[in-house]
Amino acid sequence: MRVVVYGAGQLAQMMYLAGSPLGIQVEAVDVSNDTVVHPVSKQPLDITLAQAIETADALTVEFEHVPERLLEDAASAGKLMPNIESILVGADRVREKKLLEKMSVANCKHRIVTDVEQLDACVEALGEKLIIKSSRDGYDGYGQWRLSEAAELPALKNTLSDLDLQKVPLVVEQMMAFDRELSLIGVRNKQGDIRTYPLAENLHHQGQLHVSVAPATDTNDALQQQAHDIFTALAEGMDYVGVLAVELFQQGDKLYVNELAPRVHNSGHWSQSGAVTSQFENHLRAVCGLPLGDTAAIGPSAMVNIIGCSSFSRDLLSIDGSHLHWYGKSVREKRKMGHINVTTDSYENLGEKLMQLSQYLPLEYFPKLVGEAKRLKG
Ligand code: ATP
Ligand code: MG
């Protein structure tokens, strides 16, 4: 079987690696120049994009910001999964909020803004602690602004005055005092079967994911069921096929959806060694119409992102249960370079191993690691 992935980054690479044992050949599309490349070497393959589309069993994406003309070409071939509407929901916060409202899925109180002068009304309706998000092309905390008190409003309006809000509106959200951030990775195949992974707890720093722990500590069946039900409503509502990531805020025992990612997701990387079937394999199974694999956790796992740093001791691999996944990119500030997965048999041991890991890493790039290690050790 052959699957073509739009996007040629680490997610396509990891899909390729997961597909090989199943005999699923994965090819990637470099969307900056419409060429088909090998997902690991990134070298151009001897095939045009039109030929790749023609011969593929399934077309899919590794990120939601694929140029719309490419998505439309892919959709018209009749084998784009997830479907174009679902991908566009992930790429546009206005569409995303409309979907959540339509499905009656709990999310942050918000307003859509098409003119900076509407911000006063937002403060009146939502309070003065706001997070303002560009509705398109934002990720890892880019394209976001914060308001902590009404007095900052004139300066904020000034900052935003250059934007064309008619074309790209803002989503203005009430700043939520959540207890923690979780995510649910789920998968739905062509036949409509659904499986969801255990909830992961995600630690961010400056808008970027640094550490995920899965299964999240302090969960219960009711919380997992609540997340599963949210996933099912959204996936069935969109007739979604593939892996869908749901980013959540937990407040008390209630979950609120922050955002959706119509693809495999960084907070699901732990599943490569911490679950019976990885999210990458399950995504390929789903789009190829194969039975889905078991999503159960093997034991408590952590995923530690390596961000903006390439020099550290590979001796960290001496820690039992640790695995390095390196993306082969040149180093840049705040760039995701790779990640480390650690799986073990108890949260206490996981904390112990993260503590060991911290001794091999330049900690200025890993601001969340030691605190989380200590928390898990208890
Ligand atoms: P991603 O890279 O996950 O796509 P992003 O930059 O697109 O991220 P969000 O996930 O919407 O944007 O926001 C980034 C982070 O900002 C969240 O993980 C959360 O920590 C914080 N945040 C976002 N919205 C809110 C909110 N309404 N209240 C409180 N914190 C928020
Ligand atoms: Mg996010």
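The values are calculated or read from the model by the stated rules, or taken from the named source; none is laboratory data. What you see is a predicted model, and the numbers here were worked out from it, not measured in a lab. Here the Cβ positions follow ideal geometry from the backbone for every residue, glycine too, while neighbour counts run over all protein chains shown. These accessible areas exclude ligands, DNA and RNA; they are computed on the full protein's heavy atoms, side chains included. Shrake-Rupley method; radii C 1.70, N 1.55, O 1.52, S 1.80 Å.
How high is the relative contact order of the stretch 2-80, given as a whole-number percent (alpha carbon pairs under 8 Å, six or more residues apart)?
Across the stretch 2-80, relative contact order equals 34 percent.
Can you give the relative contact order of the chain as a percent, counting alpha carbon pairs under 8 Å and 6+ residues apart?
RCO, the chain: 14 percent.
Would you work out what percent of the accessible area of the stretch 180-377, with all protein chains in place, is carbon or sulfur (probe 1.4 Å)?
Result for the stretch 180-377: 45 percent of the exposed heavy-atom area is carbon or sulfur.
Would you mind listing how long the stretch 101-203 runs along its three principal axes, going by Cα atoms, in whole Å with the largest first?
Extents along the principal axes, in whole Å: 50, 32, 26.
Per residue, what accessible area does the chain have, given a 1.4 Å probe and all protein chains present, in Å²?
42 Å²
Quick one: Cα centre-to-centre distance for the stretch 73-129 and the stretch 32-60, in angstrom?
31 Å
Tally Lys and Arg at +1 and Asp and Glu at -1 over the other residues with C-beta under 12 Å from the C-beta of Ser278: what net charge comes out?
Cβ neighbours under 12 Å give a net charge of -1.
Could you work out [θ]222 nm for the chain from helices alone, using -39500 (n - 2.57) per DSSP H run of at least four and dividing by all its residues? Round to the nearest 500 deg cm²/dmol.
-8500 deg cm²/dmol
Using the basic label-point model (7 angstrom from Cα toward the beta carbon), what is the Ala222 to Lys167 distance in nanometres?
Reported label-point gap for Ala222 and Lys167 is 4.9 nm.
In whole Å, largest first, what are the principal axis extents of the Cα atoms in the chain?
56, 54, 41
Over the stretch 109-174, what relative contact order in percent results from Cα pairs under 8 Å that are six or more residues apart? Mind showing how you got there, number by number?
On the way: 96 pairs, mean separation 35.2, N = 66.
53 percent.
Below 12 angstrom from the Cβ of Gln25, what's the summed charge of the other residues (Lys, Arg +1; Asp, Glu -1)?
-1
Of the accessible area of the stretch 2-80, with the probe set at 1.4 angstrom, what percent is carbon plus sulfur?
Working: 1700 of 3350 Å².
Carbon and sulfur together cover 51 percent of it.
So the label point goes 7 Å from the Cα of Ala121 along Cα→C-beta, right? Which residues of the stretch 89-112 then have their backbone N under 19 Å from it?
From the stretch 89-112, the list is 94-95, 97-98, 109-112.
What's the carbon and sulfur percent of the stretch 109-174's accessible surface, probe 1.4 angstrom, rounded to a whole number?
Looking at the stretch 109-174 in its full context, I get 46 percent from C and S.
Any chance you could tell me what percent of the C-alpha pair distances in the stretch 265-378 go past 24 Å?
28 percent
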